[in-house]
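Read-outs: derived from the displayed coordinates by stated rules, not from any lab. This is a predicted model, so every value here is computed, not measured. Note that each Cβ is placed from the backbone with ideal geometry, even for glycine, and that neighbours are counted across all protein chains shown.
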Amino acid sequence: MAEILHVGPKQMRHAQQQQHLTTITVPLSFSLSLQAIEQKKRTLFAQAAKTGAGNSNSSSSGGSNAPQGMGDASFVPLVQELLDLPSCVAYVLFDKLSSECPVPPSSSSSTATATNDLDNHHPPVVTEDIFDRWTKANQIWNLTPAQRLWRVLVLHKKYGKSALSPDGVGQEGDDVVRKSPPDGVEYLEHEDLAPLVRAVINTHPGLEFLKDTPEFQDRYQETVVYRMFYEINRNETGKMGHKELVHSDLLEVLRVLDAEEDSNKVLRYFSYEHFYVIYCKYWELDTDHDFMIDKDALLRYSNHALTYRIVDRIFDQAPRPFKCPEPGKMGYEDFVWFILNEEDKSTDMSFKYWFKCIDLHGDGVITQDEAYWFWEEQIHRMENLMHEPVQFEDIICQLTDMIGPEREGLFTLRDLKKQRKQSGMLFNALVNINKFIAFENRDPFAARQQEQEAPQLSPWDRFAAAEYLQLAMDEETEGGDGGDDELL
């Protein structure tokens, strides 16, 4: 495995050791009056005017012809303090609003910000007028921080209605426009969250080791966005609504990320170790590295743990339509959904995923006939592994005792959600021979002690930590330097 690792455990540890401590700006609690906010804003813009634009990517103010306003180095703290939003959100907002500010004729492009990589003679700025027009058009001061996050992210949708005008009529100098979507309902797609993750990649000290590996930046960005949609977009439409985002934990996770220099300690969405495990698992199966895998490849997952019948159901797209355009192939996004559901069978999303696989009749009930159709293959596999077969009547009795369904021998999603910790066993018993045998041979006292020592960790967190440790050990043992250019 070591020969394919480009930015692996060894490289990340080295980068973290070389990392310099940075000052984290902690947002003020949002308790200021509108008058105090206005006064604070004017003071900050006045200070920026006196000291120069304050752009973190420029070594000078750009000369007398430089645009007047606030650079990102000054704008980010302003957004953190006044809007109570994390720094990565501030960079996204800066990138969009600065594109609306007029650029002097002598300038041909804009300096790189956290979300774009262009270079230019003059650094980009946000003027006080542009900032005021945006806050007024979006009624920012009447919104909660979570609602403001939404307003920032929808700025990246190229609709057609002015982002700076409340009535939708563009004003002079408005270069970026937004218009209402065809159905009149605003939503976020993958591309709308990408600038947010890119800002994290470009500015977070815990990801500095990625700066020379753009390919890994792209894969990390994709994976984080997929995980966000997996957790937040519960209806699985690929269109994240306002209510879904506002009621999610994304804003709180971004705040934790601001205060934590080690991204791996932020287990929700942004852990590089989690990304690395997902990507390496996919790379192992994708032997021709065309970013598509077939049934035979998925059957090799986790040392041939899955049954043929469940893999057929997955490729029949019973639990979820594939996003891969190639018929009969599973793409990387599809695999991310699969592995998150496979390694943590205690979440609502995983219950839905595996329930749809087992519910052959699609009537919302797993019957004994349906369960036996999957169990039949498990019996043959146990015999081949010289493991004493468990009779179907015994396993149904055991599952009924563990889950306690309302109707004996029949299992619904409602039944499973009542017993989250035990319900995953139903799916493992029917589709994953390795996990079923491990459960049969488990030490219940050791398992209980492990949960008590770190109750905040989910099954996915535990799996990812163990797999990453194994990858790190394999790299050390094989002496890999992680420098193969054919990884991507």
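In this label model, Asp312 and Asp288 are separated by 2.4 nm, measuring between points 7 Å along each Cα→Cβ vector. Across the stretch 187-194, computed HN-Hα scalar couplings (Karplus, 6.51 cos²θ - 1.76 cosθ + 1.60, θ = phi - 60°) run 7, 10, 10, 3, 5, 7, 8, 4 Hz from first to last residue, x flagging Gly and Pro. I want to make sure I understand the PRE zone here: with the label point 7 angstrom from the Cα of Glu260 toward its beta carbon, which residues in the stretch 430-465 have backbone N atoms less than 16 Å away? From the stretch 430-465, the list is 454-465. Among Ser458, Ser263, a tally of other beta-carbon atoms within 10 Å of each Cβ gives an order, fewest to most, of Ser458, Ser263. Taking θ as phi - 60° and the Karplus parameters 6.51, -1.76 and 1.60, the scalar couplings of the stretch 262-271 work out to 9, 4, 5, 7, 9, 6, 7, 6, 9, 4 Hz in sequence order, x denoting glycine and proline. A protection proxy built from the mean count of other Cβ atoms within 10 Å ranks the segments 320-328, 232-240, most packed first, as 232-240, 320-328. If the chain linking Gln449 and Arg42 were pulled fully straight, counting 0.36 nm for each residue of separation and taking away their Cα-Cα distance, it would gain 140.9 nm. What the phi angles of the stretch 402-411 give under the Karplus curve with 6.51, -1.76 and 1.60, with θ = phi - 60°, is a coupling list of 6, 9, x, x, 5, 10, 4, x, 10, 10 Hz, glycine and proline written as x.
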